[in-house]
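S.K.: Take this structure first; my questions come after.
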Amino acid sequence: MILGILFITRDVLVYSYPDDQTNDTFLGFTFPFLAHILTPKTTLCDKKFHLKVHQVEFVGHPTLLNVDRPGTGLIYSRKVQKSILKASNQSAISMYHIVFAMGNCQKDEIDLVYENCLLNLTAGFKYEQLRRGYISSETELILNIKEEYHRKSMSENDLQTRILEASSLARTLTKVYKAMKGQEDPHILINNSVNLSFQPDLNKLRMLGKPILLGTFKTTYPNIRPFYSLLLHYDPEQILANLPKDSSPVLINLIQSVTPTTSFEQLQTILNVSLSQIYRFASHLHFWGQARIIQVISSKNFYTLSETADFSNFAKLSSEFNTNFAPLEMVTLLNQLSIPGPYNKLIHSRELRNLYLEAIAFLLRSHLVIQLHMYLLLLVPGRIVQKVTNIEGAQPVIIPEPGNPSPIEAEYIKLMILSQPNPTIQGLFERLVPYMNGMCHLDEITFQENITRKELKNVMNHYNDEIITSLHQ
């Protein structure tokens, strides 16, 4: 998991988040110590940096800006960059280093973060420095604020607030940290110029909160179904204002028309376009952090508090919520959602139904709640185990992979199918058995098998002793 982010120029720790500004420490290390160990020699720059100190992994890509040195590329390229540096008076800073502090990480996880985030972030900062002197001006700004802090004995919160208000660099790095923690969208804009987007898996997996396989970032995208929808992260007008002037009319219409209570299947009719076009543009908005692909918001869904919810900004969110969704109160609604259950159980008035749906959209957008789905597991009753194994008092067993059963598990399944007299119910149960491994939720099962929810519920009622339900994300 990521513990923090640091920005260092040669032997100077310019900015870190989160930290203890009062004691000038970061994860218990003093600023001068970190500035020293994270400023490598010239020969170690422009390559991967990895240092472990007391269970903290420091990962970065120290980058030299002094291009008039041997071995940095073609002579012509170096001369061009040198003239840019000289003309813009940027030679004062010769090196910078963006560092991620990480803990409890395996090598594959560190490699993923380095290749899919750090390298791109470092390159974006270098581009802006060579083009506009971004790093030089932002570093000077932050250091001046810190100097003023020491002169006037400002509080730690005042210092952090001042830096974040004044410095684009500080805001960018703070957003990177929060995005990797899954607290914000993985879309970064450096100096209002360079767009970077981490792969959606950063947000989906809450950045190393779950095991990750090498290559996941480059190959995994959310599955899209006709019954899914799009949750915009910003006002439609704000998203449209940032689109290129030659954007597709379909994309513009999609942004203007989509609501989290409208499925892609319904949008297909509203916009009079194919589902494939909607999927493509929805994936585009998802990738660039402008929206999130979710299941259609419904009062029948189950919602509960997110384990990774960030309540550091609770006061602001609560004020916004209470203003926009009165008479609902965010504290009360979150308390009710702490115990999972159908959302419609909380809606006591039909007139307030739409307001409750808008409220849950706000909480989903703020990453405070998650949707829970129902999954199925196949349980072999003890009587069937006893009949197959001839063991008195045999206990029930769960078949972990009913789609690929062992010979004895196949015998269990055969007897379970025959335990119901209705051939139609038997056939449908047999079709559904491979999905009873706890991996496919009910909506996915009905979609894959093209059956109704009523038919699925009918099978579950008939095989009540053989099917276990599980509720999770």
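The values are calculated or read from the model by the stated rules, or taken from the named source; none is laboratory data. These numbers were taken from a predicted model, which means no experiment stands behind them. For neighbour counting, all protein chains shown are included, and Cβ atoms are generated from backbone atoms with ideal geometry for every residue, glycine included. Only protein heavy atoms, including side chains, enter the accessible area calculation; ligands, DNA and RNA are left aside. Shrake-Rupley method; radii C 1.70, N 1.55, O 1.52, S 1.80 Å.
S.K.: I want the local charge near Val331. Using Cβ-Cβ distances under 15 Å, sum +1 for each Lys or Arg and -1 for each Asp or Glu among the other residues.
M.R.: -1
S.K.: Further question: Which order do the peptides 330-338, 137-145 come out in when sorted by mean C-beta neighbours inside 10 angstrom, highest first?
M.R.: Result, highest mean Cβ count within 10 Å first: 137-145, 330-338.
S.K.: With the convex hull built on the Cα atoms of the range 363-429, state its orientation-averaged projected area in nm².
M.R.: Projected over every direction and averaged, the Cα hull of the range 363-429 covers 7.2 nm².
S.K.: Just the Kirkwood number for the chain, please: inverse of mean 1/r across all distinct Cα pairs, in Å, one decimal.
M.R.: About 26.0 Å, per the Kirkwood formula over Cα pairs.
S.K.: I've got another one for you. Sorted by average packing, counted as other Cβ atoms within 10 angstrom per residue and highest first, what order do 242-251, 96-105 take?
M.R.: Ranking the peptides 242-251, 96-105 by packing returns 96-105, 242-251.
S.K.: Taking a probe of 1.4 Å, how large is the accessible area per residue of the chain, in Å²?
M.R.: Roughly 51 Å² per residue, with all protein chains present.
S.K.: Something else: Treat every Asp and Glu Cβ in the chain as -1 and every Lys and Arg Cβ as +1, leave all other atoms uncharged, and give the resulting dipole magnitude about the Cα centre to the nearest 20 debye.
M.R.: 1040
S.K.: So for each of 346-356, 271-281 I average, over its residues, the number of other beta carbons within 10 Å; can you give me the resulting order with the highest mean first?
M.R.: In decreasing order of mean packing, 346-356, 271-281 become 271-281, 346-356.
S.K.: Which whole-number percentage describes the relative contact order of the chain, with Cα contacts under 8 Å and a sequence gap of 6 or more?
M.R.: 10
S.K.: On to the next question. What number, rounded to the nearest 500 deg cm²/dmol, is the helix-based mean residue ellipticity at 222 nm of the chain, given -39500 (n - 2.57) per DSSP H run of at least four residues and division by all its residues?
M.R.: -13000 deg cm²/dmol
S.K.: Give the carbon-plus-sulfur fraction of the accessible surface of the chain in %, rounded to a whole number; probe 1.4 Å, heavy atoms of protein chains only.
M.R.: On the chain, the fraction of accessible area on carbon and sulfur atoms equals 52 percent.
S.K.: Relative contact order of the range 316-455, please, whole-number percent, based on alpha carbon pairs below 8 angstrom and at least 6 residues apart.
M.R.: 20
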